[in-house]
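Beneath this line is the structure, given in C-alpha cells, with notes to follow.
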Amino acid sequence: MNTDFYYSQNSLGIYEYCPKKFEYIYLKKLSGLKDSLEVQEKIEQGVKFHVLAERYFNGMDDYFYVNNQELEEWMKVLENNYLMDVECRSEYEIRQNNDDLKLLAKYDLILKDKDILKIIDFKTNEKVYKKEFIEKNIQTKVYMFLLGENIFKINPEIDLKNIVMEYFQLNFPEEKIVITYNKEKHEKVKKEIKNLINSIENSIKVGFEKRMGECKNCKFRSTCKK
C-alpha cells in the first residue's frame, strides 16, 4: 500500500465485503458505476446533517436558513436528545501509526459525561439497526479500539471500561444502541484488526479474490465481467 495510506473502517469494511472491490478502489483507483440519483441525494443529505450537527455542538444553532423539512426534523431530534453545552469534540479525527497498525477514524462526536467517554455516531438509516448486527460491525470495532489506544490524548484518567459507543438513529430516536467496552474486548479487536490488515497485505502479494454472491448491486460488476 501507499506509505500515506491509513486503514479506516470504510476500507476495512469494503475488504470484508469483497476483496476485489477493495483492490479496485484503493489500489487501482477506479470509481466504478455512479450511484443512482436517489443514493447520491441520501448521501448528500447525510453530509448536510453532519455539518449542521458540528455547528450545533460548536455553539451555533443558526440553522434557521435551512429550507429542508427532513433536516429540520433531524435537528429537532438532535436538540431533544443532546445538549449543546456539553464537554465534547465534534468531527474529531484520530490517526495512529504504531504497532504495525496504521489506522484512522473520524468521529461524529466524542462526549465526556462524568467519568464516561461516549462515542456518538449519528445514523440516517431508513430501517432500524439491531444491536446484534451493529456490535459486530467493523465501524464499531475500529472506533472503539482506536479511541482506546489513544484515550490518553483526551483524558488519561478514563479507563477502557468507561468507553461507550452510542449509535443514534435519527429516524428512530427511541432505538438508541449502546455498546460497552473493556480490556478483553480491546485485545480481541486488536487481534481481529491486525489479522484483517495482514490478510489485505497478503492479498496484495498473491491477488484479490472476488466474493461471489455480492455482485448484484456492486458498482464494479461490469469491470469484473470484463
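So which of Gln69, Gln40 is at pLDDT 90 or above, exposed (fewer than 15 other Cβ atoms within 10 Å of the Cβ) and closer than 30 Å to Met212 by Cβ? Exactly one of Gln69, Gln40 is at pLDDT 90 or above, exposed (fewer than 15 other Cβ atoms within 10 Å of the Cβ) and closer than 30 Å to Met212 by Cβ, namely Gln40.
Checking each residue in region 170-186 for being surrounded by 13 or more Cβ atoms within 10 Å (Cβ to Cβ) and assigned to a helix (DSSP H, G or I) picks out Lys185, His186. Looking at Lys216, Lys194, Lys190, Lys205, just one residue is of a type outside the set (A, V, I, L, M, F, W, C), without any contact (Cβ under 8 Å) to a residue 40 or more places away in the chain and in a helix (DSSP H, G or I), and that residue is Lys205. Whenever a residue of region 76-90 is closer than 16 Å to Thr124 by Cβ and in contact (Cβ under 8 Å) with a residue 60 or more places away in the chain, its partners that are of a type outside the set (Val, Ile, Thr) and assigned to a strand (DSSP E or B), lying with C-beta atoms within less than 7 angstrom and at least six residues away or across chains, give the pairs Asn81/Phe168. Only one entry of Ile119, Ile138 meets the criterion of being more than 20 Å from Asn162 (Cβ to Cβ) and hydrophobic (A, V, I, L, M, F, W, C), and that entry is Ile138. Restricting attention to region 158-175, the residues that are in contact with an Asp or Glu (Cβ under 9 Å, 6 or more places away or on another chain) and in contact (Cβ under 8 Å) with a residue 40 or more places away in the chain total 10.
Condition check ((1) surrounded by 10 or more Cβ atoms within 10 Å (Cβ to Cβ); (2) within 22 Å of the chain's Cα centre (by Cα); (3) not in a helix (DSSP H, G or I)) across all residues:
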{"position": "Glu73", "(1), (2), (3)": "yes, no, no"}
{"position": "Asn80", "(1), (2), (3)": "no, no, no"}
{"position": "Asp85", "(1), (2), (3)": "no, no, yes"}
{"position": "Arg89", "(1), (2), (3)": "yes, yes, yes"}
{"position": "Ile94", "(1), (2), (3)": "yes, yes, yes"}
{"position": "Asn97", "(1), (2), (3)": "yes, yes, yes"}
{"position": "Leu104", "(1), (2), (3)": "yes, yes, yes"}
{"position": "Tyr107", "(1), (2), (3)": "yes, yes, yes"}
{"position": "Leu111", "(1), (2), (3)": "yes, yes, yes"}
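For (1) on the phi > 0 side of the Ramachandran plot; (2) touching an Asp or Glu at 6+ places or on another chain (Cβ under 7 Å); (3) assigned to a helix (DSSP H, G or I); (4) among the acidic types (Asp, Glu), each residue gets a yes or a no:
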residue	(1), (2), (3), (4)
Tyr24	no, no, yes, no
Leu30	no, no, no, no
Val39	no, no, yes, no
Gly59	yes, no, no, no
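The values are calculated or read from the model by the stated rules, or taken from the named source; none is laboratory data. None of these values were measured; they are calculated from a predicted model. FYI the Cβ positions are ideal-geometry reconstructions off the backbone, even for glycines, and counts take in every protein chain you see.
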